[in-house]
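As structure tokens, the structure follows; a few thoughts come after it.
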Amino acid sequence: MERPGNLYQKLIFAAQSFLEETGRMPADAGELARHIDMDEGEILEVFPSVQDLHEGLVYHAVTLLNDRQNRDLADANITDPIEQLNCFLQSYLDWADENPVFFEVMARGLSSPIKPDGTLQRYTLSMRDLCLRKLREAQQLGILSADLDIETAVMMMHYLVKGTNMVFATRSIDPWLKCDPRPFRELSGHIFSEFMRYMTQANAPASTENA
């Protein structure tokens, strides 16, 4: 039998492969076992249920996403929280474009009831906290007006990201998007950048607006 760590990774990659080939999760451990020619009992020792396997996929996806966003944020201007926020959002799109299967797993999970204290809940709350922190920093630095309603601004960003997830899942059947030839990454990146630009300009301090 393989070492537990190696087997865990093997099963995560096997589930990813199954998703890529079929567009769905395996119905049970037996189906995944047949997919990779493995004993069903070995799989059940690591993932007792399909739900556990799904949570393992989500955890792996979030780990990859966090690593990518941390690397990209390290290259952003540390004195400009708006640039850092835009970098954070663009990094999310880059990761989604490069990992469509994992992105679909996350997008579906975020559009369904989220397990309390599960991986997705922790990730989405940490994302909210980062956005709040960066917008407050922008206010303190005089980039954004002190009158800006930070909570509403963050909720707008949340709506934008949720909308992006939905576009990824439904673009092929969305009549609004069928006439736009731009790839998902290009279109979504442009929208994110424009949103950040409009929000910054609309909420600039009065002295900046009149300059």
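Nothing in this text is a laboratory measurement; each read-out follows from the coordinates by a stated rule. Bear in mind the structure is a predicted one, so any value in this text is a computation, not a measurement. A quick note on method: Cβ atoms are made from the backbone with ideal geometry, for glycine too, and the neighbour counts reach across all protein chains shown.
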Degrees, to the nearest 10: 81-98 long Cα axis against longest axis of the chain: 30
THR164: net charge of surrounding residues, Cβ under 12 Å, Lys/Arg +1, Asp/Glu -1, itself excluded? +2
So what's the angle, to the nearest 10 degrees on a 0 to 90 scale, between helix 4-22 and the longest Cα principal axis of the chain? 80
Helix 150-170 versus the longest principal axis of the chain: what is the Cα-based angle in degrees, 0 to 90, to the nearest 10? 40
Between LEU141 and ASN6, how high is the FRET efficiency from 1/(1 + (r/R0)^6) when r is the Cβ-Cβ distance and R₀ = 35 Å? Nearest 0.05. 0.15
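Give, as a single signed number, the net charge of other residues whose beta carbon lies under 14 Å from the beta carbon of ARG108, with Lys and Arg counted +1 and Asp and Glu -1.
Numbers: positive: ARG24, LYS115, LYS162; negative: GLU55, GLU104.
Computed value for this residue: +1.
To two decimal places, what compactness ratio does the range 113-211 give when its Cα radius of gyration is scaled by 2.2 N^0.38 Å?
Details: Rg = 16.4 Å, N = 99, 2.2 N^0.38 = 12.6 Å.
Normalised Cα radius of gyration, the range 113-211: 1.30.
Scan the range 4-90 for trypsin sites (Lys or Arg not before Pro) in coil per DSSP, keeping those whose Cβ has at most 13 other Cβ atoms within 10 Å, and list them by number. Walk me through the numbers before you get to the answer.
Details: sites: LYS10, ARG24, ARG34, ARG68, ARG71; in loops: ARG24.
When the trypsin sites (Lys or Arg not before Pro) of the range 4-90 are filtered for loop state and at most 13 Cβ neighbours within 10 Å, ARG24 remain.
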Rg to Rh quotient for the chain, alpha carbon positions, Kirkwood Rh: 1.05
Starting with the highest mean, order 92-102, 152-162 by the number of other Cβ atoms within 10 Å, averaged over the residues of each peptide. 92-102, 152-162
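Subtracting the Cα-Cα distance from 0.36 nm times the residue separation, let me have the gained length for ARG171 to ARG128 in nm, one decimal.
Contour length minus Cα-Cα distance gives 12.9 nm.
Quick check: convex hull of the Cα atoms in the range 1-58, volume per residue, rounded to a whole Å³? If you can, show how the numbers build up before the last one.
Working: hull volume 4.0 nm³, N = 58.
Taking the convex hull of the Cα positions in the range 1-58, it is 69 Å³ per residue.
Rank by packing, highest mean first: peptides 13-23, 167-177, 79-89, with packing defined as the count of other Cβ atoms within 10 Å averaged across residues.
On the way: 13-23: 14.8, 167-177: 11.8, 79-89: 19.2.
Descending mean neighbour count gives 79-89, 13-23, 167-177.
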